[in-house]
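The values are calculated or read from the model by the stated rules, or taken from the named source; none is laboratory data. What you see is a predicted model; the values in this text were computed from it and never measured. FYI the Cβ positions are ideal-geometry reconstructions off the backbone, even for glycines, and counts take in every protein chain you see. These accessible areas exclude ligands, DNA and RNA; they are computed on the full protein's heavy atoms, side chains included. Shrake-Rupley method; radii C 1.70, N 1.55, O 1.52, S 1.80 Å.
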Amino acid sequence: MSNLKMKEAALIYLDRSGGLQKFIDNCKSYSDSKQSYAVYRFSILVNPSDIIELDAELGNHILHQPLKAAQVFQSVCFIAVKTLSLIEQLQTEAQINILLKLTHLPPLPSYSLDLCEFPLDYTSQRFYMMQGIVIAMTTVTKYTQGARFLCSDEACPLSKGFQYIRVHVPGATESATIRNDFLCNLCSSSLQEDRKFRVLGDKQIVEIITTKALRAFQGYSNNQPFRFQSLTVFLRDELVNEMNIGNEYKIIGIPTCVKTSQTALCIEANSITFFNPKVPSGISDNFRCLLSLTSSSYWKFTAILANIFASQIVPPGTYNLLKLCLLMSLVQTSDRNKELEDCLDLLIITSDILLVDRLLNFSINLVPRGIRHPVSTEIFPTLSRNKYGTGAVSIQGGSALLAKGGICFIGDLASHKKDKLEQLQSAVESRSITVYISGKKFGDDMDQQMTFPVQCSFWSFVDMDSSSRRNVQKTNTLIGQMDCSLIPANLIEAFGLLINCNESSPCHPLLPTVQHTLKKAIDPEGLLYVASKQFTTEDFEKLLAFAKNLNVEFSLEAERMIHGYYLASRRIRTDSICGSKLSASALKYL
């Protein structure tokens, strides 16, 4: 009676939600094809809240025993097909494969899977929701959705028909669907697959990390050790190619345990949703007050920001040009799912790499996707063999794709090899990176190539006092110029801004910096300046998060100024006698 009541509730839900009409339309497509299938696959969209209100027991089955819930809908759909004569070719209930697609899960801790908490439950075979960032993905391969088996004894009644149908269930491997050791229930003879009825689907494997794990890539530590691991997500059929490296998603699926060379936690995805973070509603009271006090000028607010920025690292009033450029680059980042067209790449020429490194490292932590590239890893995507033995090629995203919408700080430019610098130049110029997949190397019939958009700003610096530069004979240069002879000119040209941090200039007095360094050595957590107390790191985080989501429009004065720059630069470039080489990219950034 309980099962009958759930079937009745399932039919009522399908009728009310419009799912029954969609099911009838799908049946018509199968019927019109006039072809016999071993498996007829139907996807049904399910709202758990609505079902629980209709029938609590069925709702409980959907949330905690999804395979049994699918059997209830399978029975209802089979009765509907036979009653309404929807598919003449259909013979048995086993031929109907029902996939329940959940719209959401209850917002309760027991339905959330957090990779930072242990132990993890992968035995209950129920739905969980987790959130993470894609760090790697494979190419698309095939898997068996369903297959027809027949008894090998021709005298057995089950040597014909569609009695033995095997379909893929969440968490199952290929060998669970296709094997040669199945036996007939009637005569115990071996079963043989009827290969012409095998149904194939698309499969893709994706690796994600929890958002909390990003702090491992942000170059700082709060002296509290932590660990994280990637989670493998299986995407099938309509979910294939719905995820991109670097994006953050909410995933509903069923956890399972897959044994390869080592036991790995996986999740069979049921539905995926792109995650859009909330836009901050405003800025801190202190910044609001400062903005009000400086409203009479276009420049004061920005100038004061640059002056007091990163007072935990350098004294206020020092490195103002560099700090202004850092703020401009940070405000160009984006948390939304949109193309980052206005990246601002920074290349800093300095002889004090320690201080500049600290300043840049502090700055990348002010945005959600500030990534400090680890030297032991790759900046751009790399290829490897898939560890699950599916024959697919695994594409590891690298730091640049992980920093999507943010900043990728690659450290000292001199620490990278020539081929990596050429790859960097190509990516910065084209804002994309292409990966070539050799069919011969990875066991495929043909070569492939995949192109990924590079949607982050690159920060780097060059040490002008390194041993390789001290021995170089420097030619006399004009005021404001710098010796960049050891850096490829095309690479310099690719960066949006080239900043000269000359510590001997009046803009960088040494005494305040020395005093600051000594005081921080004595009291690392101390706030040395009034500005540090009034405008905290959290205040700057809120300011940047708010400012980068504003829809900015040019004022008439700004448009005139830009037009004036353009006319002036055109005169300079076209003057054959006193002309200067001003590239198109330089004009664009200007």
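Determine which residues of the stretch 84-104 fall in the zone a paramagnetic label at Asn185 would reach in this model, i.e. backbone nitrogen under 19 Å from the point 7 Å along Cα→Cβ. Those under the cut-off are 91-98. Here the calculated FRET efficiency for Asp523 and Tyr298, from their Cβ-Cβ distance with R0 = 35 Å, stands at 0.40, rounded to the nearest 0.05.
May I ask you to list the trypsin sites (Lys or Arg not before Pro) in the stretch 277-321 that are in a DSSP loop and have at most 12 other Cβ atoms within 10 Å of their Cβ?
Numbers: sites: Lys278, Arg288, Lys300; in loops: Lys278.
Answer by residue number: Lys278.
If you take the Cα centroid of the stretch 128-188 and the Cα centroid of the stretch 310-373, the two points sit 53 Å apart. Note on Ser49 and Phe274: the model spin-label points, each 7 Å out from Cα along the C-beta direction, lie 2.4 nm apart. Take every DSSP beta bridge with both residues inside the chain and express the antiparallel ones as a percent of the total, to the nearest 5. Of all bridge pairs located within the chain, approximately 65 percent are antiparallel.
On a 0 to 90 degree scale, rounded to 10, what angle separates helix 537-547 from the longest Cα axis of the chain? Orientation of helix 537-547: about 70 degrees from the principal axis. The chymotrypsin sites (Phe, Trp or Tyr not before Pro) of the stretch 228-312 that DSSP puts in a loop, and whose beta carbon has at most 12 other beta carbons within 10 Å, are Tyr298, Trp299. Backbone N atoms of the stretch 133-170 closer than 11 Å to the 7 Å Cα→Cβ label point of Asn241 belong to residues 140. Loop exposure criterion: GluC sites (Glu not before Pro), DSSP state outside H, G, I, E and B, at most 11 other Cβ atoms within 10 Å. Applied to the chain, the longest stretch between such sites is 155-338.
Starting from the Cα-Cα distance between Leu567 and Gln91, subtract it from 0.36 nm times their residue separation and give me the gain in nm to one decimal. Don't jump to the answer; show the numbers that get you there.
Numbers: separation 476, 0.36 × 476 = 171.36 nm, distance 7.76 nm.
Once the chain is fully extended between Leu567 and Gln91, it gains 163.6 nm.
Of the heavy-atom accessible surface of the chain (probe 1.4 angstrom), what whole percent is carbon and sulfur? Reported share for carbon and sulfur atoms: 53 percent. What the chain shows is 53 Å² of accessible area per residue, with the surface traced by a 1.4 Å probe over protein heavy atoms. Relative contact order for the chain: 12 percent, from Cα pairs under 8 Å spaced at least 6 residues apart, divided by residue count. Of Lys34/Lys82; Lys387/Lys420; Lys101/Lys203; Lys82/Lys196; Lys404/Lys548; Lys196/Lys440, which ones are farther than 22 Å apart at the Cα? Where the Cα-Cα span goes over 22 Å, the pairs concerned are Lys387/Lys420; Lys82/Lys196; Lys196/Lys440.
So if we plug the beta-carbon distance of Arg431 and Leu84 into 1/(1 + (r/R0)^6) with R0 = 60 Å, what FRET efficiency do we get, rounded to 0.05? E between Arg431 and Leu84, to the nearest 0.05, is 0.65. Comparing Cα centroids, the stretch 395-470 and the stretch 24-95 end up 48 angstrom apart. The trypsin sites (Lys or Arg not before Pro) of the stretch 1-107 meeting both criteria, a DSSP state outside H, G, I, E and B (loop) and at most 11 other C-beta atoms within 10 angstrom of the site's C-beta, are Lys34. In degrees from 0 to 90, rounded to the nearest 10, what is the angle of the helix 510-522 Cα long axis to the longest principal axis of the chain? Long axis of 510-522 versus the principal axis of the chain: about 50 degrees.
Between Asp445 and Glu154, what is the FRET efficiency for a Förster distance of 35 Å, r being their Cβ-Cβ separation, to the nearest 0.05?
Working: r = 38 Å, r/R0 = 1.08.
For R0 = 35 Å, the calculated efficiency reads 0.40.
Compute the helix-to-body angle for 556-574: its Cα long axis versus the longest principal axis of the chain, expressed 0 to 90° and rounded to tens. For 556-574 against the chain, the angle is about 70 degrees.
Using helices alone, what [θ] at 222 nm do you get for the chain, with -39,500 (n - 2.57) per DSSP H run of 4 or more residues, divided over all residues and rounded to the nearest 500? Please list the in-between numbers first.
On the way: 20 runs with 197 residues, N = 590.
For the chain, the value works out to -9500 deg cm²/dmol.
Less than 20 Å from a label point 7 Å out along the Cα-to-Cβ axis of Cys116: which backbone N atoms in the stretch 531-562 qualify, by residue? Residues 537-539, 541-542 fall inside that zone. A simple spin-label model places the labels of Asp194 and Lys212 5.2 nm from each other, with each point 7 Å out along Cα-to-Cβ.
Consider the candidate values (1) 30.0; (2) 36.9; (3) 26.1; state which one is mean projected area of the Cα convex hull in nm² computed from the structure displayed. Structure-derived value, by its label: (2).
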